[in-house]
Structure formats: structure tokens, C-alpha cells
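**Q** Let me begin by handing over the structure; questions about it come next.
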Amino acid sequence: MWRKPASGWRNRGEFAKNRLMSNVVLFRRPAPPAARARCDVISVADDLFATLDGLQDLAERAALMGRPAIEVERTVRNLRDAVGALERALDCLGEGSEAAPA
């Protein structure tokens, strides 16, 4: 929704100042390092496992979407890639070093 001043537009700067909509997506900033709790390996691995389970469930649900086949295929493929990345991260924690590249 755009709001036009009663006097009309004088220049692009005035137009930009009067915009009500934006395409900027604000992301939540991470907590400062001092405020972070549970930074030990076990809690991080637990959180990774929880995220992994959630992504696997999400991939299964995405496969059942009533969208065009190419869109579903790309969505599921990207979610499976994310699952693979989480599995490699868990391997790194378990081995104490970097896992082999995919």
C-alpha cells in the first residue's frame, strides 16, 4: 500500500520516504556469547539431532505438497541437502575433526 502526499510526488527521495511496504526481512540476531547457555558438545549435539529430526519430518511433508512437481522436487532436494549437512556436522562432533566432504 502506497501513500501519496496531498501535494504529489516531487522526487524519488520523497517517494521512498513515504513507502509503507518493504521487502526487507529482519532476522533474529544471535544472543551475545556471554548470555549463551549450554555450549557444551552434548547440548549442541542434542540440538543438532532435534533439528535433524525436524528437517526429516519437514522433507516428508514437503513431498506431499499439492504444488507443481518441479517445485516439490527442488524443495525436497534442498531439505535433503540440509539433512546431509547436519549429519556431517554431527560426524564432526563425534570424530573430533572435520568430516569428509560430501
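**Q** Of the conditions (1) surrounded by 11 or more Cβ atoms within 10 Å (Cβ to Cβ); (2) not in a helix (DSSP H, G or I), Gly66 clears all except one; give me its number.
**A** (1)
**Q** I'd like the residue in segment 30-63 that is in a helix (DSSP H, G or I) and surrounded by fewer than 10 Cβ atoms within 10 Å (Cβ to Cβ) and, out of all such residues, is modelled with the lowest pLDDT.
**A** Ala35
The values are calculated or read from the model by the stated rules, or taken from the named source; none is laboratory data. Treat the numbers as computed from the prediction; the structure is a model and nothing was measured. Backbone-built Cβ (ideal geometry, glycine too); neighbour counts: all protein chains shown.
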